[in-house]
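Novice: Quick one: structure below, then a few questions.
Please treat every number below as a calculation from the coordinates, not as lab data. Keep in mind the model is a prediction, meaning the values are calculated, not measured. Backbone-built Cβ (ideal geometry, glycine too); neighbour counts: all protein chains shown.
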Amino acid sequence: MEPEWHRTARKMFTAAFVIVWLEAVSCFGFFMILSRDASPVATSAAPAAIINHGHALYVAVWRKRLYDALLTAMMIGIPSIMAAGWILHYGVGVKIFDGRR
């Protein structure tokens, strides 16, 4: 029988993992929308550049800021959740997956 705090830690980790995963999926989805709706040249309505495989595309400044925020959250969230899982599993001894030994 595992301690109650192990179950609580596993539930919190699972919730954080789902949040990071949803944020990463939304970042990729938003980038697809940005790429589709972007202008190939800078205009007064779309002066901010995003780079897609070496090609500059131009979007509105507020869209670029939102994309940068999503990208930053993803670049921090993914390594953080991986480190948290490693620490919980190997450092503290909380089994992240119940059915495994």
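Novice: Only one of S44, S35 is without any contact (Cβ under 8 Å) to a residue 40 or more places away in the chain, surrounded by fewer than 16 Cβ atoms within 10 Å (Cβ to Cβ) and touching a strand residue (DSSP E or B) at 6+ places or on another chain (Cβ under 6 Å). Can you tell me which?
Specialist: Within the list S44, S35, the selection yields S35.
Novice: Taking the conditions exactly as written (of a type outside the set (K, R), in a strand (DSSP E or B) and on the phi < 0 side of the Ramachandran plot), does A56 satisfy them or not?
Specialist: yes
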